[in-house]
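See below for the structure under consideration.
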Amino acid sequence: MTDENAQGFDTLQIHAGAKPDPATGARQVPIYQTTAYVFRDADHAAALFNLQEVGYIYSRLTNPTVQALADRLAALEGGAGAACCSSGHAAQIMALFPLMMPGRNIVVSTRLYGGTVTQFTQTIKRFGWEARFVDFDDEDAVRAAIDDDTRALFGEAIANPGGYVMDVPAIARIADAAGVPLIIDNTSATPWLVRPIEMGATVVVHSTTKFLTGNGTVTGGCVIDSGRFDWAASGKFPSLSEPEPAYHGLRFAETFGPMAYTFHQVAIGLRDLGMTMNPQAAHYTLMGVETLSLRMARHVANAEKVARWLEADPRVDRVTYAGLESSPYHERAKVICPKGAGALFTFAPKGGYDACVALIANLRLFSHVANLGDARSLVIHSASTTHRQLTEEQQRAAGADPEVVRVSVGIEDADDLIADLDQALAQAAA
Ligand SMILES: *Cc1c(COP(=O)(O)O)cnc(C)c1O
């Protein structure tokens, strides 16, 4: 194969991580629907179990179809390695697991997916982990929240649902100064719109459920490592730098260098947490990724057109989309996501909460679902659904105010989407 580093995004999204199947010549990545793999002999088995040789043992750890997807996503994000898992939420736990211990904390943006806010405020407490929520636009507050027990910063490049764009390079500089990794959830942006690793992020997580698969068929997640963090420098990351008892005292950082974190994801994370992606899911996502750039271009073009139309409509109070000049994040978006500010935004129909409910009830082309990043256009009232577990203060901080609806603009004809919004707004006003 030619040098993948030199290839463009559109080539990588089709070819990275895959070559004709060595056994059959199959051109498309086969769905390796198998649990286990035959060892050549006892020595081969022992070498695999000792991590002295890379290969397939059991599909809770690795599977060739899932591996093709992991390698492709690593290539698209410009990372050294990646591990796929069963959902975006699994990816977040997987990403933190090698870094954390009871008593440690992460400093996270207030502008996060609702489910992530709940995972970070409630569930991770059971592990003895703490998340400190900070406005990532307030760099002094971010620095002030970091202490000796902080093991990562975490934020979303483009945050769903508030039309927020994070200053990734600025936050990466703070993480570097503190000697901790920056983890970016790049789900809403995709690597086609935002390049977190090139902007200094250490790790990228995805819900592959969304734009990467692109058609609302399967849940999945992925953790991609830049391969650039020195895990042994500070003594803060013993899981990666100290001897691992389950592998005869092997030190991941020393043995695997830039692949240390990714090998840990598989050899410890998937082995013991078991949040495995199945090969069918990997297949659907591989099919989706092949057209990622084409779809994202259309998603963004449609989102801009629909957002502009809504902003100009007298039945609408405001539209929160960084692609509009009226957004406080418009200038930042030109730097962080020059190809477009994604396909998610919120808008407030005049008439508050009741108007939101009436609008959603009358939309025909937009589906009322708890998902985003589908080829079809979706709508939801975040405050009563995805962000329901949050306090009103948290909802407003996340951009999910009670009087706004969120749309995920699909790749249909923009004029048809506008016509649907037009008739639903008319009904909501009546
Ligand atoms: C959907 C989503 C998640 C969670 O992913 P699942 O696949 O649903 O577990 C995390 N972050 C963002 C930004 C999301 O949109």
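The values are calculated or read from the model by the stated rules, or taken from the named source; none is laboratory data. Treat the numbers as computed from the prediction; the structure is a model and nothing was measured. Virtual Cβ from ideal backbone geometry, glycine too; neighbours counted across all protein chains shown.
With respect to (1) free of Cβ contacts under 8 Å to residues at least 24 places away in the same chain; (2) surrounded by 19 or more Cβ atoms within 10 Å (Cβ to Cβ); (3) more than 27 Å from Arg251 (Cβ to Cβ), the lone exception for Lys125 is condition (2). Take Pro258 and decide whether it is in contact with a strand residue (DSSP E or B) (Cβ under 8 Å, 6 or more places away or on another chain), surrounded by fewer than 17 Cβ atoms within 10 Å (Cβ to Cβ) and without any contact (Cβ under 8 Å) to a residue 40 or more places away in the chain. Answer is no for this residue. Residue check: Ser382 meets all listed conditions (1) within 16 Å of the ligand (Cβ to nearest atom); (2) modelled with pLDDT under 95; (3) of a type outside the set (A, V, I, L, M); (4) under 14 Å from Gly216 (Cβ atoms) but one, namely (4). Could you please let me know if Ala80 is closer than 22 Å to Val266 by Cβ, of a type in the set (A, V, I, L, M, F, W, C) and surrounded by 22 or more Cβ atoms within 10 Å (Cβ to Cβ)? No, not satisfied.
Every residue, every condition in (1) part of a helix (DSSP H, G or I); (2) under 23 Å from the mean Cα position of the chain (by Cα); (3) free of Cβ contacts under 8 Å to residues at least 12 places away in the same chain, yes or no:
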{"site": "Gly342", "(1), (2), (3)": "no, yes, no"}
{"site": "Cys356", "(1), (2), (3)": "yes, no, no"}
{"site": "Leu359", "(1), (2), (3)": "yes, no, no"}
{"site": "Asn371", "(1), (2), (3)": "no, yes, no"}
{"site": "Arg376", "(1), (2), (3)": "no, yes, no"}
{"site": "Glu393", "(1), (2), (3)": "yes, no, yes"}
{"site": "Pro402", "(1), (2), (3)": "no, no, no"}
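For the residues Gly216, Gly220, the requirement of being at pLDDT below 95 and out of contact with any Phe, Trp or Tyr (no Cβ under 7 Å at 6 or more places or on another chain) singles out Gly216. Remark: Arg332 matches the filter, which requires a residue to be within 26 Å of the chain's Cα centre (by Cα), closer than 30 Å to Ala177 by Cα, in the same structural domain as Glu412 (by TED's automatic domain parsing) and in a helix (DSSP H, G or I).
If only residues of the stretch 206-224 that are in a loop (DSSP other than H, G, I, E, B) and away from the ligand (no atom under 11 Å from the Cβ) are counted, the one that is nearest to Phe136 (Cα to Cα) is Gly214.
For the stretch 187-205, the criterion of a residue being under 22 Å from Val369 (Cβ atoms) and not in a loop (DSSP other than H, G, I, E, B) is satisfied by at least one position. Only one of the numbered conditions (1) assigned by TED's automatic domain parsing to the domain that holds Gln28; (2) modelled with pLDDT of 95 or more is not met by Ala246, and that is (2).
Considering the conditions (1) within 23 Å of Gly274 (Cβ to Cβ); (2) more than 21 Å from the chain's Cα centre (by Cα), Asp138 is excluded by exactly one of them, (1).
Would you be able to say whether some residue in the stretch 23-36 is within 21 Å of Met259 (Cβ to Cβ), touching a Phe, Trp or Tyr at 6+ places or on another chain (Cβ under 6 Å) and not hydroxyl-bearing (Ser, Thr, Tyr)? If you could, list the steps in order and put the result at the bottom.
At the first step, the residues of the stretch 23-36 found to be within 21 Å of Met259 (Cβ to Cβ) are none.
The answer is no; no qualifying residue exists.
Mind checking which residues of the stretch 136-176 are touching a residue at least 12 places away in the same chain (Cβ under 8 Å) and either small (Gly, Ala, Ser) or assigned by TED's automatic domain parsing to the domain that holds Ala95 (or both)? Selection gives Ala145, Ala152, Gly155, Ala157, Ala159, Gly162, Gly163, Ala170, Ala172, Ala175.
Return yes when Leu250 is more than 16 Å from the ligand (Cβ to nearest atom), in contact (Cβ under 8 Å) with a residue 12 or more places away in the chain and over 21 Å from the mean Cα position of the chain (by Cα) and no when it is not. Before you say what the answer is, go through the steps one by one.
On the way: more than 16 Å from the ligand (Cβ to nearest atom): yes; in contact (Cβ under 8 Å) with a residue 12 or more places away in the chain: yes; over 21 Å from the mean Cα position of the chain (by Cα): yes.
Judged against the criteria, Leu250 is a match.
Residue pairs whose Cβ atoms lie under 7 Å apart, separated by 6 or more positions or on different chains, with the first residue in the stretch 182-199 and touching a residue at least 40 places away in the same chain (Cβ under 8 Å) and the second among the polar types (S, T, N, Q) and more than 16 Å from the ligand (Cβ to nearest atom), are Ile183/Thr202; Trp192/Ser293; Ile197/Ser226. Set side by side, the residues Arg151, Arg173, Arg143, Arg126 differ, and just one is within 25 Å of Phe263 (Cα to Cα) and outside any loop (DSSP other than H, G, I, E, B), which is Arg151. Restricting attention to the stretch 162-205, the residues that are away from the ligand (no atom under 16 Å from the Cβ) and at positive phi add up to 2.
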